[in-house]
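**Q** I have a structure I would like to understand better, so I am pasting it below and will then ask my questions one at a time.
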């Protein structure tokens, strides 16, 4: 597993994790990622590079979007990568990555409630995923609900909003 | 490492993690642990048993208190144990456990700001520690600041309030 | 003005004030009002009766809905009434009431951000409106942005999301 | 009563309202006032001047401190003044002011839980007090627990932590 303080890259892609509420029109939208604020809150002392790749709802992701995420994973100098992502098609992006990347530890996570709202799982998931990205062997994983799943055996249960093995 | 959904035991011992503010006398004190509420917030789906061993400031811990924690670790049927603990003497308890227990994965964590207050690192640390307790091999560890430390090489830096290797 | 501890009635009609986020479908919806929790947070010691009349977005209010609110105001034994209401058509309901009721102090308030989210103005507005309902003479008012407005001279500025005199 | 948008002065004196938690030594202390952030959260559009007179626990207030607050009230160009103050000796300061100032509306408020913590009554009390300072006739008042009290008939109940008439 990773020696303490190995370099980690965080790729931001959007999702409910980073959504905000627009009080003028009552809709949810994206502004800036909250990840630095969350890492500050967690008093995180890891060596982290943050890169915003896109800020979209994962239901709006195209094949090109997922290829862009894949390319960013390949281009990253780090072999430990955390990806924040919408939960709706997180398993699809994980599969695109899992089939192509086998020399890095990549962990995807997200949130069911925007971090900007009360009662968010975002901070918990971020801590969880950052630990898995340090401790798991090379491979592509989803970290949600306190657990980790291999990319080849995971789906989102749309009734419960939780992740499970297939 | 742990197969998904291995049973995990959480031993509660107090610390800033679970402190609350008494509005009548302006002091911090312990009531009930907040851990179930935090696990609910994180939408955690792990198989977890929670046990409150004590609720004290770790500066007030005696040798007997640490022996009690040790005994609870030995008695637990699970081989994955998370301990919430005050940060001030967390490394001491980790050493007591590390010298005696080698057939379990034990992770100690805590918080610098009470979970009951805003801006707490508690939820992040809980997610982080729960992931390490699943993924790390048998041994005793501290999980703080997003990282993990072996019990034999960790101390709390009292100026910065963060943990580091010795 | 009201002698301390005069009886106050709160009529709940919905609006952004009481909206919540549905994590399964990503939409905002109504469950139960949060007003008791908010009064508890404020350590409010007023003599208050709470009545949920409806839980709707004020953009969805019909003439019948506003007539129902009016009827509840007339039927209430109290002469101090606070109404939580969506901000979009709050001025319209205030006008319906203002033209018909002149023997009570009625104050409408709401929120631009749901109380259930972080960064809400709900708690501030509730404290503000409760004070105005005790201190203002009989009449119908809107309390938003820390101020009060007479029903006959107020509108919501849809660009800024704040209330102002016409 | 005040015409909308009359100028209001806020005098900051400290108290639990503005206390913060020091994570290094576990104590409560004062840094900067949070009042601008709270007024922003409330989307407050009043014409307000903010002045920090002192930042102390009201149990530590001396006669000189109260005289300084009195002098600031007299010197203020505004005739509407809100004072944030510790709750423990708020009634004493109110009495000092009440005996000397009769040409202004002065309202004292505070909080039982620091605004910086979760579950604070601070935002509610601020909204409440700002409304009373606009609506009440000249005099000195305490605004707590959703109510207002004349300076000559109020005390803090130290068992319940609430304010009541004597």
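**Q** Taking Cα centroids, how far is region B:90-166 from region A:103-166 in Å?
**A** 21 Å
**Q** If packing is taken as the mean number of other Cβ atoms within 10 Å per residue, what is the order of B:109-121, C:124-136, highest first?
**A** Final packing ranking: C:124-136, B:109-121.
**Q** Would you work out the relative contact order for chain B, in percent, from Cα pairs under 8 angstrom that are 6 or more residues apart?
**A** Here the relative contact order equals 25 percent.
**Q** Write down, largest first, the equivalent ellipsoid semi-axes of the protein assembly as shown in whole Å, where each equals the square root of 5 times an eigenvalue of the alpha-carbon gyration tensor.
**A** With the √(5λ) rule applied to the protein assembly as shown, the semi-axes are 48, 31, 20 Å.
**Q** Another one. Please provide three numbers in whole Å: the alpha-carbon extents of region A:23-121 along the principal axes, with the largest listed first.
**A** 43, 34, 19
**Q** List the distances, in nm to one decimal, from the label point of residue B:37 to the label points of the same position in every other copy, shortest first, placing each label point 7 Å from Cα along the Cα-to-Cβ direction.
**A** Distances to the matching label points in the other copies: 1.1, 2.0, 2.1 nm.
**Q** Here's another thing I want to ask about it. Where the centre of each part is set by its Cα atoms, how far does region D:21-43 sit from region B:19-33, in angstrom?
**A** Here the answer is 18 Å between Cα centres.
**Q** Next up: So if I average 1/r over every pair of distinct C-alpha atoms in chain C and take the inverse, what Kirkwood radius in Å does that give?
**A** Roughly 15.7 Å, rounded to one decimal.
**Q** Roughly how compact is region B:1-57, stated as its Cα Rg over 2.2 N^0.38 Å to two decimals?
**A** Dividing the Cα Rg of region B:1-57 by 2.2 N^0.38 Å gives 1.37.
**Q** Still on this model: In bins 10 Å wide, starting from 0, what share of all Cα pairs of region D:64-130 does each bin hold, as a percent?
**A** Binned Cα distances yield the sequence 20, 49, 27, 4.
**Q** With the calculation restricted to Cα positions, what are the radius of gyration and Dmax of region A:91-166 in angstrom?
**A** In Å, with Rg to one decimal and Dmax whole: 12.3, 37.
**Q** Right, here's the next one. Placing a label point 7 Å from Cα toward Cβ, how far apart in nm is residue C:160 from its equivalents in the other copies, listed shortest first to one decimal?
**A** Nearest first, the other copies' label points are 4.1, 4.6, 5.0 nm away.
**Q** Between residue A:25 and the same site in the other copies, what are the distances in nm, shortest first, taking label points 7 Å from Cα along the C-beta direction?
**A** The answer, with the shortest distance listed first, is 2.1, 5.1, 5.4 nm.
Any read-out appearing in this document is the output of simple, stated calculations on the displayed coordinates, not a laboratory observation. Fair warning: this is a prediction, and the values are worked out from it, not measured in the lab. Methodologically, a virtual Cβ is constructed for each residue, glycine included, from the backbone with ideal geometry; neighbour enumeration extends over all protein chains shown.
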